[in-house]
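Reviewing the structure listed below.
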Amino acid sequence: MTDAVRRWSLEESVLVDADRATLYGLVADLRNMGRWSPECRGVWVRRPPVRTGTRFVGFNRRGPFLWFTTGRVTTARPGEEFVFDVGVFGLPIARWGYRFETEEGGTRVTETWQDLRTGRGGGLASLLGTVFAGTNPERRIAVNRHGMRTTLARLAAQAAAVRDDG
């Protein structure tokens, strides 16, 4: 697949019956990602709560493939936006983000993904994704779309549980 055809970003969204602050709090606790994401099995954060600049380690699995990523929070604006970059062996892999916008009926949560496997080291990062995660760049969009939809559905269910318990 050529760069002209390859998709470098993706976004999915869901309307959730919860306020922006609640949803931001759930997403910004990165340890929750292991419960929601079909690939992420856990996140280790040295000193929660996270803020811009916080570093973390993600542990991932898809089928027989296991891998870890290192990450850094790049944007942490409570109730508005939460963004982090992940990489492996010092190579940038992806930027993940969440935006929170008030709408009638709740909050629209938009999850975004941007492929950072570009420029110098991009080919090696893509190869590592194929070897360790079992997903080549051509399949990554489909895998991420499914994962994002699953993550957002699980986030919405968690928000409903928090609302019902509160």
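Net charge in the neighbourhood of Gly87 (other residues with Cβ under 14 Å of its Cβ; Lys, Arg +1, Asp, Glu -1) is +3. Distances between placed amide hydrogens fall under 5 Å for Thr74 paired with Gly53, Val83, Phe84, Asp85, all partners being 5 or more residues away or on another chain. Counting only other residues whose beta carbon sits under 12 Å from that of Asn60, what net charge do I get with K and R as +1, D and E as -1? Net charge in that neighbourhood comes out at +2. Evaluating 6.51 cos²θ - 1.76 cosθ + 1.60 at θ = phi - 60° for every residue in segment 61-67, the Karplus couplings come out as 8, 9, x, x, 8, 10, 7 Hz, glycine and proline recorded as x.
Protein heavy-atom surface of segment 14-58, 1.4 angstrom probe: 50% of the accessible area is carbon and sulfur, with nucleic acids and ligands not counted. Distance from the Cα centroid of segment 62-92 to that of segment 23-56 is 9 Å (rounded to whole angstrom). For Phe100, neighbours were defined as the other residues whose beta-carbon sits under 12 Å from its Cβ, and their charges (Lys and Arg +1, Asp and Glu -1) total -2. The mean accessible area for residues of segment 55-94, using a 1.4 Å probe and ignoring ligands and nucleic acids, is 52 Å² per residue. In sequence order, segment 48-55 has phi-based couplings of x, x, 7, 8, 3, x, 4, 9 Hz under the Karplus curve 6.51 cos²θ - 1.76 cosθ + 1.60, θ = phi - 60°, and Gly or Pro positions carry x.
The values are calculated or read from the model by the stated rules, or taken from the named source; none is laboratory data. Remember, predicted model here, so these are calculated numbers, not experimental data. As a convention, Cβ positions derive from the backbone with ideal geometry for all residues, glycine included, and neighbour counts pool all protein chains shown. Side chains are part of the model used for accessible areas, which takes the heavy atoms of the whole protein and leaves out ligands, DNA and RNA. Shrake-Rupley method; radii C 1.70, N 1.55, O 1.52, S 1.80 Å.
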